[in-house]
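In what follows, a single structure is set out as structure tokens and then discussed.
No value in this document is a laboratory result; all are computed from the given coordinates. What you see is a predicted model; the values in this text were computed from it and never measured. Using ideal geometry, Cβ is built from the backbone for each residue, glycine included, and neighbour counts are taken over all protein chains shown.
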Amino acid sequence: MELDSHLFIPYMESKIKLIILIVLSTVSSISFATLTPKNKLEKTGKEIFESNCARCHGTDGTKGKWGAKNLKLSNLADNELLTIISNGKRIMPAWNHTLTTNEIELVKEYIKTLRK
Ligand code: HEC
């Protein structure tokens, strides 16, 4: 059977257009993903601190409300910080029900940057 070029060429053109569309949309979604770092979508340690901790500790860590420890002077090790943030201590509330493990890690890293 001989191919009818009047039908075959438009048919192939439509297939090629479809392939180009698929390739373009794949490329653009990949570049969108690489241009949007994950931590842009998640809250940063600073944001977590300012929305949950600053009301007692102050944005710079020195407010001391309800006897909140001065975080500039605190020199606890990482595991001690994680324990206090997760479980709380006396007036200091526990955060393990409100924040994810990853958020507790981020806020722990952030409060260390408040130290002098
Ligand atoms: C309701 C007030 C309050 C809030 C909110 C609060 N804290 Fe505290 N925090 C305290 C108090 C009070 C202490 C002192 C606990 C003690 O030793 O009796 C403290 C102690 C700490 C300590 C121990 C410091 C040291 O050197 O002993 C860390 C670390 C800490 N808070 C981090 C945080 C983080 C991170 C958040 C937010 C996720 C937070 N706190 C939210 C009141 C608060």
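Tabulated results
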| read-out | value |
| --- | --- |
| Matching residues in the stretch 73-105 - criterion: being of a type in the set (A, V, I, L, M) and either more than 10 Å from the ligand (Cβ to nearest atom) or over 20 Å from the mean Cα position of the chain (by Cα) (or both) | LEU73, LEU76, ALA77, LEU81, ILE84, ILE91, MET92, ALA94 |
| The stretch 52-72, residues that are more than 7 Å from the ligand (Cβ to nearest atom) and touching a residue at least 40 places away in the same chain (Cβ under 8 Å) | ASP60, GLY61, LYS72 |
| Residue count for the stretch 87-113, restricted to those that are of a type outside the set (Asp, Glu) and part of a helix (DSSP H, G or I) | 11 |
